[in-house]
Amino acid sequence: MMSRVSALVSTKWLADQLTAGAKNLRILDCSWHLPFAKRNARREYYEKHIPGALFFDLDECADKNTEIEHMLAKPDDFEEYVGKLGINNQTHVVLYDNAPNFGLFSAQRVWWNFRAFGHNLVSILDGGLPRWLSEEYDYTDEILKVQPETFRVSVVSNLIRSFEDVERNLAQKNFQLVDARPSGRFNGTAPEPRPDIKPGHVRGSISVPFNSLLNLETKNLKSPEELTNVFEMAGVDLSKPMVTMCGSGVTGAMLVLAAYQCGKEDAALYDGSWMEWYMRAKADQKELGTL
């Protein structure tokens, strides 16, 4: 029985699995878009998806007791949600999203969700739906009907960081805090996508924009060697503790994935990210721009 799998799988590998009728495999469309994109990920899934894929709603499978977007769901809620998708603890879950500009934008957040809840049989389709379609593999609008399964969570707390953890770190400096938002938002010179949140960054954090982790020509994650260089050039030491963040915990998970590909499997995510920090932190804990 498998206990872990590669974090990235190729389109050919997935196509071969589908052709072979692989058992205990579940494909999930994890597409999510920022508000200004004016895209409806669920509707697009209904229109076109990889055969057998079900839709994972990042905002539905979330903690509903906070105003912070798509915070990690309560363990019982996650168990129920993924169980209804026909997933058990022996299921190999393959995730993708539909981000034509990047090939990867939100699937890595769901990858982190599964890992934070102790499920290591989870992979991301390299290049996502855009690559799948460009290579002329099959797609469908048919929705697979599945039988509910039993999924049991085992929380991996060292992969999850809270507001209080980050606040304590301002003085204790126990970990590097790395921000995946574009540099304009980090520096406070470009607006946040949410109108009630101003741009800026946590005092002492490091900027590594998520698009610097991607090969924008081939629409996939850079090689481990290239990713290591990106981190080094930004001043991030992969041998030391690292916590990542972004606007609301989506692209921050791409930094976790990138570190994982470099052999650093213990990078954690600050779930609430800048959205929570801006709303809760004291003025002297934030570096704001002029906008």
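Observations
- For the range 106-116, the condition of being under 16 Å from the mean Cα position of the chain (by Cα) and open to solvent by 30 Å² or more (accessible area, probe 1.4 Å) holds for none of the residues.
- Long-range neighbours under 7 Å by Cβ, at least six apart or interchain, first residue within 15 Å of Trp277 (Cβ to Cβ) and open to solvent by less than 30 Å² (accessible area, probe 1.4 Å) within the range 184-197, second basic (Lys, Arg) and in a loop (DSSP other than H, G, I, E, B): Glu192/Lys198
- Residues satisfying the stated conditions in the range 148-172, i.e. over 16 Å from Lys286 (Cα atoms) and either without any contact (Cβ under 8 Å) to a residue 12 or more places away in the chain or of a type in the set (D, E, K, R) (or both): Glu149, Arg152, Ser157, Arg161, Gln172
- Annotation: Glu67 fulfils all but one of (1) acidic (Asp, Glu); (2) at pLDDT 95 or above; (3) over 12 Å from Val153 (Cα atoms); the unmet one is (2).
- Against the conditions (1) at pLDDT below 95; (2) touching a strand residue (DSSP E or B) at 6+ places or on another chain (Cβ under 6 Å), Val166 satisfies every one except (1).
- When each of Tyr81, Tyr96 is tested for being free of Cβ contacts under 8 Å to residues at least 40 places away in the same chain and of a type in the set (Ser, Thr, Tyr), the lone residue that passes is Tyr81.
Yes/no matrix, rows are residues, columns are (1) farther than 27 Å from Ser123 by Cβ; (2) in contact with a Leu (Cβ under 9 Å, 6 or more places away or on another chain); (3) of a type in the set (Lys, Arg):
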position	(1), (2), (3)
Ile206	yes, yes, no
Asn220	no, yes, no
Leu227	no, yes, no
Phe231	no, yes, no
Pro241	no, no, no
Met254	no, yes, no
Ala258	no, yes, no
Trp277	yes, no, no
Asp284	yes, no, no
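- Elements of type helices (runs of 4 or more DSSP H) in the range 217-291, at least 1 residues being among the polar types (S, T, N, Q), open to solvent by 10 Å² or more (accessible area, probe 1.4 Å) and farther than 28 Å from Ala73 by Cα: 224-234
- Of residues in the range 151-183 being surrounded by fewer than 17 Cβ atoms within 10 Å (Cβ to Cβ) and among the basic types (Lys, Arg), the one farthest from Met279 (Cα to Cα): Arg152
- Restricting attention to the range 99-129, the residues that are out of contact with any Gly (no Cβ under 9 Å at 6 or more places or on another chain), farther than 21 Å from Ala37 by Cβ and not in a helix (DSSP H, G or I) add up to 7.
- The range 139-197: number of residues that are within 30 Å of Lys84 (Cβ to Cβ) and assigned to a strand (DSSP E or B): 3
- Residue that is in contact with a Pro (Cβ under 6 Å, 6 or more places away or on another chain) and within 20 Å of Gly252 (Cβ to Cβ), where the choices are Pro224, Pro182, Pro130: Pro182
The values are calculated or read from the model by the stated rules, or taken from the named source; none is laboratory data. Please read these numbers as outputs of a predicted model, since none were measured by experiment. Note that we place each Cβ from the backbone using ideal geometry, even for glycine, and neighbour counts take in every protein chain shown. Accessible surface areas use protein heavy atoms only, side chains included; no ligands, DNA or RNA. Shrake-Rupley method; radii C 1.70, N 1.55, O 1.52, S 1.80 Å.
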